[in-house]
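Here is the structure we will look at, set down as structure tokens.
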Amino acid sequence: MTPSAQHDDGPHGDGFSWPVRVYYEDTDSYGVVYYANYFRFLERARTEWLRALGFDQVDMTAQGHGFVVRSVTGEYLKPAHFNDALEVRSTIAGVSRVAIDFAQRLYRGDTLLFDGLVRVICIDPARGRPVSIPPALRARLVPSSPPPLLPPLTN
């Protein structure tokens, strides 16, 4: 699997895809991916998506913009196991002046394992206060369809 900034095939529509390999350290004593590690996989995909769009988080921080997770909604549907080749498929579910809702799904092949919605808030890292998403980035964050399995978060 290789990362892709656009998809027009299959069930995931437009968005971004990032491959994830499950390592032994990602699993619990039952050999299943530990629940909190799903969020690490989603975080990596969001970071790589920004990078693919040409936005480096170190540079953004220096310019007074960073992102923090405000809320997460998720459903664990099937377990992932050691050495699984997974794919995080992400789309934009919604954008406001300061927030982005990411619909993120974790797949093993065509099997949906986890369905989540992550809201991130743009902040000024030095002040810890919300700020507007940079216009150049916001212009690239267009909500896509199909809609997420879970309903988008409300303001």
What size of dipole, in debye to the nearest 20, comes out for the stretch 16-86 about its Cα centre when the only charges are +1 on Lys and Arg C-beta atoms and -1 on Asp and Glu C-beta atoms? 140 debye
With +1 assigned to the C-beta of every Lys and Arg and -1 to the C-beta of every Asp and Glu, and no other charges, what is the dipole magnitude of the stretch 46-138 about the Cα centre in debye, to the nearest 20? 320 debye
Gain upon complete extension [Arg40, Arg21; 0.36 nm per residue less C-alpha separation]: 5.6 nm
Please give the per residue accessible area of the stretch 31-155, computed with a probe of 1.4 Å over protein heavy atoms only, in Å². 51 Å²
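The values are calculated or read from the model by the stated rules, or taken from the named source; none is laboratory data. Values in this document were obtained by computation on a predicted structure and should not be read as measured data. Cβ sites come from the backbone with ideal geometry, for glycine too, and all protein chains shown count toward neighbours. Keep in mind that these areas ignore ligands, DNA and RNA; they rest on the heavy atoms of the full protein, side chains included. Shrake-Rupley method; radii C 1.70, N 1.55, O 1.52, S 1.80 Å.
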